[in-house]
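All remarks here apply to the structure that follows.
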Amino acid sequence: MPQALTGPRLQAIYQALRAHHGHLDWWPGDGRFEIAVGAVLTQNTAWTNVEKAIARLQAEDLLAPRAMLDCPTDTLAEAIRPSGYFNVKTKRLRALCTAWLENGGEQGLAGLDTDPLRERLLAVHGVGRETADDILLYAFERPVFVIDAYTRRILSRLGLVSGDEGYDVLRGTIEQALGPDVALYNDYHAQIVALGKDTCRPKPRCGACPLAADCPTADQPGSA
Ligand code: SF4
């Protein structure tokens, strides 16, 4: 378990990020199902591509589980083409829709406790831990801290983790350190994504980073 991930350190990082970016007001999406669809579509692609796919789904009245299941496969695949890997994601969306309806729709899923809800989501074809936790946090407002590649990169450069911890070890450690707080987890993950995309990139821009003063790898060769 990463000992350096203490509550005060994690809070200080969050405060510095929030002061830098402002509150980021995530997740963009109108309702639980649309957020879940976005979580599947954003796998391996930029959010701007997801927005185009969601706009096309909206235009064709396909942003509902029954409509997605009933429409021809080619129609669904064509609608989500901008998100990339559209044949793979078509299968994943259909699996999500089937599970959504089999579990009583939004109301049935919302009535489940967090652990059984995670199990139902993880049982869906193509839904891994990160996607399931995106859905748990942003669609169902559960106190679940999402771990993604940006989280690992930033925390390891800050010297707080090795970067190869298991997903649930890292998630559990951070959740224990911060305590259950949906609003905090929501914005914290958004802050991490913003830093990872714009500043703590593969070649980091440490000169523009609000965490540089306490980062042991800041301004090492390769950073700009
Ligand atoms: S100072 Fe540089 S390496 Fe450290 S977190 Fe910021 S961008 Fe990443």
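Within the range 66-85, the set of residues being touching a residue at least 40 places away in the same chain (Cβ under 8 Å) and not in a helix (DSSP H, G or I) comprises Gly84, Tyr85.
Restricting the search to the range 171-224, which residues are more than 8 Å from the ligand (Cβ to nearest atom), farther than 22 Å from Gly22 by Cβ, among the charged types (D, E, K, R) and not in a helix (DSSP H, G or I)? Scanning the range 171-224 gives a single hit, Lys203. A search for C-beta distances below 8 Å between a residue of the range 195-207 that is more than 12 Å from Arg153 (Cα to Cα) and touching a residue at least 60 places away in the same chain (Cβ under 8 Å) and any residue that is more than 8 Å from the ligand (Cβ to nearest atom) and among the acidic types (Asp, Glu), counting only pairs 6+ apart in sequence or on different chains, returns nothing. Only a single item in (1) at pLDDT 95 or above; (2) over 25 Å from Pro28 (Cβ atoms); (3) part of a loop (DSSP other than H, G, I, E, B) is not met by Arg142, and it is number (2).
Within the range 153-165, identify whether any single residue is away from the ligand (no atom under 16 Å from the Cβ), assigned to a loop (DSSP other than H, G, I, E, B) and open to solvent by less than 40 Å² (accessible area, probe 1.4 Å), and answer yes or no. Explain how you work it out, then say what you get.
Just the residues of the range 153-165 that are away from the ligand (no atom under 16 Å from the Cβ), to begin with: 164-165.
Right, trim to assigned to a loop (DSSP other than H, G, I, E, B) and you get 164-165.
Right, trim to open to solvent by less than 40 Å² (accessible area, probe 1.4 Å) and you get 165.
So far as the range 153-165 goes, yes, one or more of its residues are away from the ligand (no atom under 16 Å from the Cβ), assigned to a loop (DSSP other than H, G, I, E, B) and open to solvent by less than 40 Å² (accessible area, probe 1.4 Å).
Within the range 103-132, residues that are on the phi > 0 side of the Ramachandran plot and part of a helix (DSSP H, G or I) have Cβ atoms under 8 Å from residues that are modelled with pLDDT of 95 or more and surrounded by 12 or more Cβ atoms within 10 Å (Cβ to Cβ) in these pairs: Gly105/Pro65, counting only partners at least 6 apart in sequence or on another chain. Filtering the range 61-74 to residues that are surrounded by 14 or more Cβ atoms within 10 Å (Cβ to Cβ) and out of contact with any Phe, Trp or Tyr (no Cβ under 8 Å at 6 or more places or on another chain) leaves Leu62, Ala67, Met68, Leu69, Cys71. The residue of the range 29-56 that is modelled with the lowest pLDDT, among those that are of a type outside the set (Asp, Glu) and farther than 24 Å from Leu122 by Cβ, is Ala46. When the range 1-16 is limited to residues that are open to solvent by 50 Å² or more (accessible area, probe 1.4 Å) and not in a helix (DSSP H, G or I), the one that is nearest to Leu184 (Cα to Cα) turns out to be Thr6.
Considering Ala19, Ala95, the condition of being aliphatic (A, V, I, L, M), part of a helix (DSSP H, G or I) and open to solvent by 70 Å² or more (accessible area, probe 1.4 Å) is satisfied by Ala19 alone.
To keep it simple, each residue is scored yes or no on (1) surrounded by fewer than 19 Cβ atoms within 10 Å (Cβ to Cβ); (2) closer than 18 Å to Thr6 by Cβ.
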residue	(1), (2)
Arg120	yes, no
Gly128	yes, no
Arg142	no, no
Asp148	yes, no
Thr173	no, yes
Gly179	yes, yes
Tyr185	no, yes
His189	no, no
Leu195	no, no
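Condition (residue is open to solvent by less than 50 Å² (accessible area, probe 1.4 Å) and over 21 Å from the mean Cα position of the chain (by Cα)) applied to the range 108-115: is it met by at least one residue? Yes, the range 108-115 contains a residue that is open to solvent by less than 50 Å² (accessible area, probe 1.4 Å) and over 21 Å from the mean Cα position of the chain (by Cα).
The values are calculated or read from the model by the stated rules, or taken from the named source; none is laboratory data. Just so you know, these numbers come straight off a predicted model, no measurement behind them. Please note: Cβ atoms are built from the backbone with ideal geometry, for glycine as well, and neighbour counts cover all protein chains shown. Accessible surface is based on the protein model in full, side chains and every heavy atom, while ligands, DNA and RNA are left aside. Shrake-Rupley method; radii C 1.70, N 1.55, O 1.52, S 1.80 Å.
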